[in-house]
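Notes follow once the structure below has been shown.
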Ligand code: SIN
């Protein structure tokens, strides 16, 4: 392996790597950008420690990877909808992301990646789990892959967002997003197939009966949570996780009530999933 500017230490052979030797307060030069981007594509999710970035530095880091995505309604930080608030405390009745999902897959062009910076974390708990959807696809039998490969699925958000953000004043779009995507998508950079259904947004596999869709989705939602496809990240103050929504699902643990966990997510726009 040639000389690298940064160090990349895999968490598991399947998913996740910790990246060190880069200060994200500074703009990434081209070579460091290539190495960070390469690590993201290779490991699906990358982690950085001790990054006391401010909001502008967080936004600049995200923009280095593409235009930013704006959530249809989630609360934001400093009045900027590109800075999504991630916050849970003793008054919370729910936590963002505490089921397996790929961010905003209900959009026609779902986000490519998400960069989460936490500055307040509980002493223990509040880990985020990540699952590799290439591994999930590869582990299916050939007959199951053959069944799923030509199918599309509908991803919706009204069932979730109406309850959370039903107040018209917080909505940034007139309609709650909904989209049809292939059940298996080809990652535009790696060229690898990744399973693309998730328990938060995917409501119906099309082209089969309602009961068949339900049975397939129930099976796949259990399948994606297989620990063999996973890594688990323990947060510290000023840690960052950057995940690739095109080939990774995540699940944020809410096991630290009534403690506080707070940070900001910058989300990078993506393209329409292709088979
Ligand atoms: C999310 O963006 O889904 C939340 C992830 C987390 O809080 O760990």
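Here are a few things to note about the model shown:
- Wholly enclosed strands (runs of 3 or more DSSP E) of the range 221-271 bearing at least 2 residues more than 11 Å from the ligand (Cβ to nearest atom): 230-233, 239-244
- The range 119-134, residues that are surrounded by fewer than 21 Cβ atoms within 10 Å (Cβ to Cβ) and assigned to a strand (DSSP E or B): 119, 120, 129
- For the range 72-93, a residue qualifies if it is assigned to a loop (DSSP other than H, G, I, E, B), at pLDDT 95 or above and in contact with a strand residue (DSSP E or B) (Cβ under 9 Å, 6 or more places away or on another chain), and exactly one does: 89.
- In the set 146, 163, only one residue is farther than 30 Å from residue 60 by Cα, free of Cβ contacts under 8 Å to residues at least 12 places away in the same chain and under 22 Å from the mean Cα position of the chain (by Cα); that residue is 163.
- Matching option when the condition is touching a strand residue (DSSP E or B) at 6+ places or on another chain (Cβ under 9 Å), in a loop (DSSP other than H, G, I, E, B) and more than 14 Å from the ligand (Cβ to nearest atom), among 65, 61: 65
- Filtering the range 164-213 to residues that are part of a helix (DSSP H, G or I) and modelled with pLDDT under 95 leaves 164, 165, 168, 169, 170.
- Residue 124 more than 16 Å from residue 217 (Cβ to Cβ), in contact (Cβ under 8 Å) with a residue 60 or more places away in the chain, within 13 Å of the ligand (Cβ to nearest atom) and more than 16 Å from the chain's Cα centre (by Cα): no
- Residue in the range 208-218 that is within 16 Å of the chain's Cα centre (by Cα) and in contact (Cβ under 8 Å) with a residue 60 or more places away in the chain present: no
- Where a residue in the range 33-44 is without any contact (Cβ under 8 Å) to a residue 40 or more places away in the chain and its partner, wherever it lies, is crowded, with 19+ Cβ neighbours inside 10 Å, with Cβ under 6 Å and at least six apart: 39/17; 39/19; 39/46; 43/16; 43/17
- Qualifying residues in the range 1-22 (those that are farther than 25 Å from residue 127 by Cβ and either out of contact with any helix residue (DSSP H, G or I) (no Cβ under 7 Å at 6 or more places or on another chain) or exposed (fewer than 12 other Cβ atoms within 10 Å of the Cβ) (or both)) - the one modelled with the lowest pLDDT: 1
- Against the test of being away from the ligand (no atom under 11 Å from the Cβ), surrounded by fewer than 21 Cβ atoms within 10 Å (Cβ to Cβ) and touching a residue at least 60 places away in the same chain (Cβ under 8 Å), the options 141, 105, 92 yield a single qualifying residue, 92.
The values are calculated or read from the model by the stated rules, or taken from the named source; none is laboratory data. No experiment lies behind these values; they were computed from the predicted model shown. Glycine gets a Cβ as well: all are built from the backbone with ideal geometry, and neighbour counts include every protein chain shown.
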